[in-house]
Amino acid sequence: MNASLIAVALTGAAILTSGCEKQVALAPDVACDFTPMLTAMKQPGLALVPPVPGTMTPIPLNSVSMTDGAITNKVLVQSTSARRTETQTVQVFARMTNCTDFPLQVEGRTHFFDDNQVPVEPVSAWQRVFLPARSIGTYQESSTDARDVKTYLIEFREGR
């Protein structure tokens, strides 16, 4: 009798659990790989160079420079771009991803340069961008100069 009770109980349990869906853990949609970005940063191109060669690493222009080591493995810059507005000023954009599981604050500012890498206006004020966990955000800034801006450099740091 015990064997038949066990068989009935097992059969009942099998019937009850056969209708249950299997729980599957889904990975977050936002997953970051910093390797391609680091490789691209090493490519030669337009860069801000020191007057005395070898005193510092050239900083790529028309890009983002992470000035704060605290966010280098937290925020991935997806793209940078610039365009002329109707008034001929330059508007820059940087799209970034928060690669962490917690919210971040990122601050950005922009330097605008002429053909000779001379600043054409004071550096912009720090602007804060709020990024929820595993989300995408955009930093945006506009120059005030409508003639001489040829290149730019965006700096990012963690919000303070």
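Checking every one of the GluC sites (Glu not before Pro) in the stretch 74-160 against DSSP loop status and a limit of 12 other Cβ atoms within 10 Å picks out E86. Remark: spin-label model distance A70-R95 equals 2.8 nm, labels positioned 7 Å along the Cα→Cβ axis.
The simple spin-label model puts a point 7 Å past each Cα toward its Cβ; for V52 and T87 those points are separated by 4.1 nm. On the principal axes of its alpha carbon atoms, the stretch 28-158 extends 44, 38, 20 Å, with the longest extent given first. Figure legend: label point modelled 7 angstrom from the Cα of A146 along Cα→Cβ; residues of the stretch 70-90 with amide N under 16 Å from it are 84-90.
Here, each number is a calculation from the coordinates, and none is a lab measurement. All of these numbers come straight from a predicted model, not from anything done at the bench. Cβ: placed from backbone, ideal geometry, glycine included. Neighbour counts: every protein chain shown.
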